[in-house]
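Reviewing the structure listed below.
Nothing in this text is a laboratory measurement; each read-out follows from the coordinates by a stated rule. Values in this document were obtained by computation on a predicted structure and should not be read as measured data. Glycine also receives a Cβ, built like all others from the backbone with ideal geometry; neighbour counts cover every protein chain displayed.
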Amino acid sequence: MSKSKCSVGPMSSVVAPAKEPNAMGPREVELILVKEQNGVQLTNSTLINPPQTPVETQERETWSKKIDFLLSVIGFAVDLANVWRFPYLCYKNGGGAFLVPYLLFMVIAGMPLFYMELALGQFNREGAAGVWKICPVLKGVGFTVILISFYVGFFYNVIIAWALHYFFSSFTMDLPWIHCNNTWNSPNCSDAHASNSSDGLGLNDTFGTTPAAEYFDQLGQPMYTTANNKRDAMETDHRRPHVPVGQQPLGKNDRNYSWKKVWIDAATQVCFSLGIGFGVLIAFSSYNKFTNNCYRDAIITTSINSLTSFSSGFVVFSFLGYMAQKHNVPIGDVATDGPGLIFIIYPEAIATLPLSSAWAAVFFLMLLTLGIDSAMGGMESVITGLVDEFQLLHRHRELFTLGIVLATFLLSLFCVTNGGIYVFTLLDHFAAGTSILFGVLIEAIGVAWFYGVQQFSDDIKQMTGQRPNLYWRLCWKLVSPCFLLYVVVVSIVTFRPPHYGDYIFPDWANALGWIIATSSMAMVPIYATYKFCSLPGSFREKLAYAITPEKDRQLVDRGEVRQFTLRHWLLV
């Protein structure tokens, strides 16, 4: 409003600064108050130092369709661990008896932690590192899971490469792993198709190896080592009587197992098969719409994951029972986990089916899809986690993505050299073992105790309109952290060196493996120390700022730190 230009009497003016908040932020203005004698007031305001146009904040991308997110999460959670690890653990730990601790841990820890990660990412809309604005001192756990996902990418790419190689090798009339007349075969190769199984020929006929085993061997390990190891195993095998074994159901085993080991294996399988602690669930859910029902997503995905594990277990044991009967050996001699199961046992069994080439192509296509889903999820955890944290990387996201992909590709080449299978085994054993359990433990403590179950439940209600019930809150606060602490401690106490076949890794290799594992876990104390030292004020003030969410810093300035009250720690 401009000043009146009509004739007025004496007037007085007052100049006062004011701030006018709006979408562009506060602006400082000069307010001129003109007071006429008759009581009419006119004002005039002008901007003092008009601000420059701020850089527009980009709105975070969201999934185009809900089904895209759901299929991505399911594709990551349902991976090779359901196919090559779960069936083996069932056999090793009592068959059907293994399902009891597995289902228990799935309910009290797997599902609650899966739900927690989806809600954490969706509410904060940032990657694995950025979400820790809820407790700044623990941001190191975000870098821990990012580094673990990066390490896993080194050897997961190799699995995809093997599957791709087998897939293209399946397009032939005679599969290349069923005969011993190939250039890579050794004199120890025993062609089961050319031998008479009724005469007891097979794995143990001449201390030899199968064509399927040698076909996989030539992809990444010294042949002489495998042949010698296999000969030693077969010599031991000849010293005990063999009982023909048919198709044994999932519920049978020789009962030579430790109940303590059963519970540990069940706990670790729940974490690994669901993909908790890799930062992938946080990254995927950060692109959800704010009001998405993440609770329903968690229930659907964990249920599908468990059903997939059960079904694959029955299918795998049908194969194992058949292979044990074919070679006239106990089922324990063919029951294994890891790449040996899906690249040796499965291909040999598939080769005996009608239209074996077609079945082999379908099988390895399935492995490709399982591997690519998981590998893509791991890379998304690394890229989203770091891009959200560092603006320089955000501005050059495409180049950064290219750099990450090239780095994982080049480092994966170590796993396909002579002896590469040992590098693969070392990474598989240490990259995401105790370190991933440690990361999930710190994550659960940070959310449930430092940030608070009460506040976290309020966040979920703000998104979905409903607070989690008492069961979920108790699991987050007490059950899941205690479960994870137990598993971490026991996994360290009961550590066994990795092995491939009969080869036990030397001490220097174990030391290297622990360096890999601790390098990711060390991110938590390193960043906590850095954060604490960089904060201003006294020790109490540093601690208050370190454990208080960034959005509540004004409360710390007023001395209102809810983490310093007993009520905060007791609320559920």
TODO: Specify the inter-centroid distance of the range 270-333 and the range 112-183, based on alpha-carbon positions, in whole Å.
DONE: 14 Å
TODO: Starting with the highest mean, order 74-82, 177-185, 418-426 by the number of other Cβ atoms within 10 Å, averaged over the residues of each peptide.
DONE: 74-82, 418-426, 177-185
TODO: Give the long-range amide H neighbours of THR209: residues separated by 5 or more places, or on another chain, with amide H under 5 Å away, using H modelled in the peptide plane at 1.01 Å from N.
DONE: CYS189, SER190
Task: Per-peptide average of other Cβ atoms within 10 Å, ordering 260-273, 497-510, 149-162 highest first - done: 149-162, 260-273, 497-510
TODO: Note down the net charge around VAL490, summing +1 for each Lys or Arg and -1 for each Asp or Glu among other residues with Cβ under 15 Å from its Cβ.
DONE: +2
Open item on the list: Need one word for the range 434-537: rounded, prolate or oblate. Basis is the Cα gyration tensor (sqrt eigenvalues a ≥ b ≥ c); a/c below 1.5 gives rounded, then a/b vs b/c decides.
Closed with: oblate
Open item on the list: I want the local charge near PHE76. Using Cβ-Cβ distances under 10 Å, sum +1 for each Lys or Arg and -1 for each Asp or Glu among the other residues.
Closed with: -3
Open item on the list: Give me the extension gain from LYS289 to SER534: residue separation times 0.36 nm, minus the current Cα-Cα distance, reported in nm with one decimal.
Closed with: 84.7 nm
TODO: Search the structure for amide H atoms under 5 Å from the amide H of TYR500, placed 1.01 Å from N in the peptide plane, and list their residues when 5 or more places away or on another chain.
DONE: PHE505
- [ ] Compare the peptides 114-123, 515-524 by average per-residue count of other Cβ atoms within 10 angstrom and give them in order, highest first.
- [x] 114-123, 515-524
